[in-house]
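The values are calculated or read from the model by the stated rules, or taken from the named source; none is laboratory data. Here the structure is a predicted model, which is why all the values come from computation and not from measurement. Note: ideal-geometry Cβ built from the backbone for every residue, glycine included; neighbour counts use all protein chains shown. Heads up: the accessible areas ignore ligands, DNA and RNA and are worked out on the full protein's heavy atoms, side chains in. Shrake-Rupley method; radii C 1.70, N 1.55, O 1.52, S 1.80 Å.
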Amino acid sequence: MSSEDPSKVDVLIIGAGPSGLMLATWMARLGIKTRIVDKRFDRINSGQADGLQSRTFEIFDSLGFGQDIWREANHMLEIRFWNPDEHRKLYRSDMIVDTVPGLSRFQQATLHQARVEEYLLTYIGKHSDLKVEYGVMPESLDIDTDNVESDGYPVSVTLRNLPSPSPESQASLDLDDSKIPNGLHRSNLTADTTDAMLQDAQATDGTHAAKIRAKYVVGCDGAHSWTRRQIGCVMEGDHSDFIWGVLDIIPITDFPDIRYRCAIHSASGSMMIIPRENKHVRLYIQVTEVDETGKPVDRFNITPSNLLDAANKILSPYKIDYKHCHWWTAYRIGQRVGSKFSAHDRVFLAGDAVHTHSPKAGQGMNISMHDTYNLGWKVASVVKGWANRSLLETYSTERQQIARELIEFDRKFSHLFSGRPAEHMMDKEGVDLKTFKQVFEKGNLFSSGCVVDYASSLIVTKPGPTKTTVGDGGIPLVGKQALAPNIPIGMRIPSHKILNQSDGRPWHLQELLPSNGQWRVIVFAGDLLDHAQSLRLSSLGIELGSPNSFLSRFRPKDNESSLSSFFELLTIHSSPRQKVDLLTLPEIFHPYSSEYGWDYDKVYVDDISYHEGHGQAYQNYGIDQRKGCVVIVRPDQYVSWIGELEDVADMNRLFESIFVSSTKLP
Ligand code: FAD
């Protein structure tokens, strides 16, 4: 992709952290001409984020490497709370499950960011020749506002190659006096160096700048985002006075719960323990925000040994030490969200560039990747000329809502975590530890990423009042939620086990929804042994096969190789598997090709398996076992619409609003 004319690209990604790389996965998978640049000279190899949430694993699984990364990560199953007793002595006060059971096939786990980035880079390399251009940063960005709705390249960006740093200057940035890698120079306790880097580069002989034109630019350039400034986005919110240190160590300790996630409130401050892969443990340690004279603490006084001292005070009478410390940093807690997520739907912001918060709830890397997982398929569909540009508006509306919820959650969570424990019932300034536990429990649901609920839009047809109209005639299209009450429209489809009709193998429904850009039309066909129901399915097959249906009218152009169809039709019936033969179903549900014969991977059944029990999918989804329904799922697995088998006109209306007319067949 990047080997063609490099001065014109469909998509320019600024920043190759988790959000930039997740965006690049979509671009690689769907064959979009892309460049991705980063001002670093190499990838990170230690530090920063480590928490991976359930929804993130589901996304990884849809990209094909979920099981590998799940196996490699450290699984966190229980949270233990430690608090001071009435004599201010630390004791284990409670234990709760970490991830709410039944929410997902995956639970919260930890693996450091560098490994996560490696998985994403491997995926990108497998699907394209896209490579991160390190040591490159933008120095100007202009949007040709007269042409934002055109088919051209309305965004101009000048990219500058940075002079290679001397090994000494690099080492002085990354290593402290004790030669332990640290993230202090990138932390929010340190001033932004972006402009200084640029000025140095401009003043250095031998660096060069080149102007490129892009259809779309995405700023994934972290908390000090340069792109954010170019589009006039301001961060709203505050920094608090709370300072926290981070130590990544292999602990030597007599503290009994070191391999559990622990929330510790002691008389000497607060601490969180995050067990990680390869014997590592991350400690988040509260640092006094003011020194003895009452002045804000100087970041240069924060060192690994000071942090260890603080950890020992908090954990006392237990002791903790280490021989191996792999990384450390310190940061000031703040919750801020960008005033806008895009300019003209041509330049977008994602990840830390547009929301920052404390890292203890393990959200940063996850929500950042979720942003671009949301944006990627939309941008690709528009660049390809498949979808209308109005699809892009849904990025800002959907992700801004989530960012605000995140900031609200984190504000509450961090405040409770950083405050001192209440000493008695009337101590209103102290933190009530019961409230803390309740917020923690509720927070686990939010932080799993599985309860994200997008509002009504072009691609979410929730029941209830809506400002958005879908399809011709301006009549709102409303999905029939009551047909599948436990598949909420606007949320990602929950997963239950079903069996392949053709060989009896059990699959989780989500495993059948790889991230390949296709919309899924899932036909819950009901009881095929019921004659009337079987006729309903046949009629649906005839309607879907007609030249007027969306399946026939919206198709990738002939020379488009990355997708054979925008849609995949999956059928799940509720009759006993052994009483149904695949070939008795209408052909459209298990299509035939002269090259490969019948497609045996499109029809499934909700029945008992030999070795893995019964998924009870119909019952769990709340779908009538006899009558079924149809569920339309977006390429990112969020539920767009639900209706009856007869509602093909509504399905047509939904897709008429999304797909461009040029892809309509005559
Ligand atoms: P980033 O990971 O910040 O990636 C941004 C990328 O853009 C970087 O590679 C950067 O070099 C590049 N870039 C920036 N500006 C430019 C520019 N002008 N031109 C070109 N490239 C540019 N999260 C946790 O959950 N736990 C933690 O303990 C934790 N500690 C952290 C410590 C530090 C020092 C930092 C910086 C972050 C930490 N985080 C932590 C946050 C977590 O790493 C982020 O939430 C996550 O990485 C966000 O991903 P992102 O891709 O949006 O941004």
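Take the conditions (1) in contact with a helix residue (DSSP H, G or I) (Cβ under 9 Å, 6 or more places away or on another chain); (2) under 18 Å from Phe566 (Cα atoms); (3) among the β-branched types (Val, Ile, Thr); Val639 misses just one of them, which is (1). Go through (1) away from the ligand (no atom under 16 Å from the Cβ); (2) among the polar types (S, T, N, Q); (3) open to solvent by less than 10 Å² (accessible area, probe 1.4 Å) and name the single condition Thr25 misses. Unmet condition: (1). No other residue among Leu90, Leu63 is open to solvent by less than 30 Å² (accessible area, probe 1.4 Å), over 26 Å from Cys220 (Cβ atoms) and away from the ligand (no atom under 16 Å from the Cβ) apart from Leu90. Any residue in the stretch 376-393 that is assigned to a helix (DSSP H, G or I), within 9 Å of the ligand (Cβ to nearest atom) and crowded, with 24+ Cβ neighbours inside 10 Å? No; the residues of the stretch 376-393 include none that is assigned to a helix (DSSP H, G or I), within 9 Å of the ligand (Cβ to nearest atom) and crowded, with 24+ Cβ neighbours inside 10 Å. Which of the residues belonging to the stretch 343-360 are within 8 Å of the ligand (Cβ to nearest atom) and either open to solvent by less than 10 Å² (accessible area, probe 1.4 Å) or in contact with an Asp or Glu (Cβ under 6 Å, 6 or more places away or on another chain) (or both)? Ala350, Gly351, Ala353, Lys360 - these are the residues of the stretch 343-360 that are within 8 Å of the ligand (Cβ to nearest atom) and either open to solvent by less than 10 Å² (accessible area, probe 1.4 Å) or in contact with an Asp or Glu (Cβ under 6 Å, 6 or more places away or on another chain) (or both).
Among the residues of the stretch 28-45, those identified as of a type in the set (Lys, Arg) and either outside the structural domain of Glu117 (by TED's automatic domain parsing) or within 13 Å of the ligand (Cβ to nearest atom) (or both) are Arg35, Lys39, Arg40, Arg43.
Would you mention how many residues in the stretch 225-246 are away from the ligand (no atom under 12 Å from the Cβ) and open to solvent by less than 70 Å² (accessible area, probe 1.4 Å)?
8
The condition (being more than 30 Å from His87 (Cβ to Cβ) and of a type outside the set (Gly, Ala, Ser)) is satisfied by just one residue among Thr253, Thr190: Thr190. Among the residues of the stretch 311-333, which ones are away from the ligand (no atom under 16 Å from the Cβ) and either at pLDDT below 90 or open to solvent by less than 40 Å² (accessible area, probe 1.4 Å) (or both)? Correct list: Ile314, Leu315, Ile320.
For the stretch 100-120, the candidate set comprises residues that are surrounded by 18 or more Cβ atoms within 10 Å (Cβ to Cβ) and part of a helix (DSSP H, G or I); within that set, the residue that is modelled with the lowest pLDDT is Gln113. In summary, Arg336 fulfils each of the numbered conditions (1) crowded, with 22+ Cβ neighbours inside 10 Å; (2) within 15 Å of the ligand (Cβ to nearest atom) with the single exception of condition (1). Within the stretch 36-59, being touching a helix residue (DSSP H, G or I) at 6+ places or on another chain (Cβ under 8 Å) and under 20 Å from Pro101 (Cα atoms) holds for Gly51, Leu52, Gln53, Arg55, Thr56, Phe57, Glu58, Ile59. For Leu77, the test of being under 30 Å from Val100 (Cα atoms), of a type in the set (A, V, I, L, M, F, W, C) and open to solvent by 30 Å² or more (accessible area, probe 1.4 Å) is passed.
Within the stretch 28-46, being open to solvent by less than 10 Å² (accessible area, probe 1.4 Å) and either more than 26 Å from Asn516 (Cβ to Cβ) or not in a loop (DSSP other than H, G, I, E, B) (or both) holds for Ala28, Thr34, Ile36, Val37.
When residues in the stretch 545-582 are screened for being of a type in the set (A, V, I, L, M, F, W, C) and more than 30 Å from Ile608 (Cα to Cα), 5 of them pass. Cβ-Cβ distances below 9 Å connect the following pairs, each with a first residue in the stretch 588-611 that is surrounded by fewer than 19 Cβ atoms within 10 Å (Cβ to Cβ), a second residue that is outside any strand (DSSP E or B) and charged (D, E, K, R), and a separation of six or more residues or different chains: Pro591/Asp599; Pro591/Lys602; Tyr592/Asp599; Ser593/Asp599; Trp598/Glu587; Tyr600/Asp503; Ile608/Arg577; Ser609/Arg505. When Val631 is tested against (1) β-branched (Val, Ile, Thr); (2) surrounded by fewer than 23 Cβ atoms within 10 Å (Cβ to Cβ); (3) in contact with a strand residue (DSSP E or B) (Cβ under 7 Å, 6 or more places away or on another chain), just one condition goes unmet, and that condition is (2). Just for the stretch 168-186: of the residues that are assigned to a helix (DSSP H, G or I) and within 13 Å of the ligand (Cβ to nearest atom), which one is modelled with the highest pLDDT? Taking the candidates together, the pick is Leu184.
Candidates Ala209, Ala223: the one that is in the same structural domain as Thr158 (by TED's automatic domain parsing), among the aliphatic types (A, V, I, L, M), at pLDDT 85 or above and farther than 30 Å from Met271 by Cα is Ala209. Within the stretch 34-45, residues that are over 16 Å from Glu139 (Cα atoms) sit with their Cβ atoms under 7 Å from residues that are within 10 Å of the ligand (Cβ to nearest atom) and in a loop (DSSP other than H, G, I, E, B), at 6+ positions apart or across chains, in these pairs: Phe41/Gly135.
Counting just the residues of the stretch 7-22 that are part of a strand (DSSP E or B) and more than 9 Å from the ligand (Cβ to nearest atom), which one comes out most open to solvent (accessible area, probe 1.4 Å)? This residue is Lys8.
Of all residues being outside any loop (DSSP other than H, G, I, E, B), out of contact with any strand residue (DSSP E or B) (no Cβ under 9 Å at 6 or more places or on another chain) and more than 12 Å from the ligand (Cβ to nearest atom) in the stretch 187-224, which is most open to solvent (accessible area, probe 1.4 Å)? Just the residue, please.
Ranking the qualifying residues of the stretch 187-224, first place goes to Gln199.
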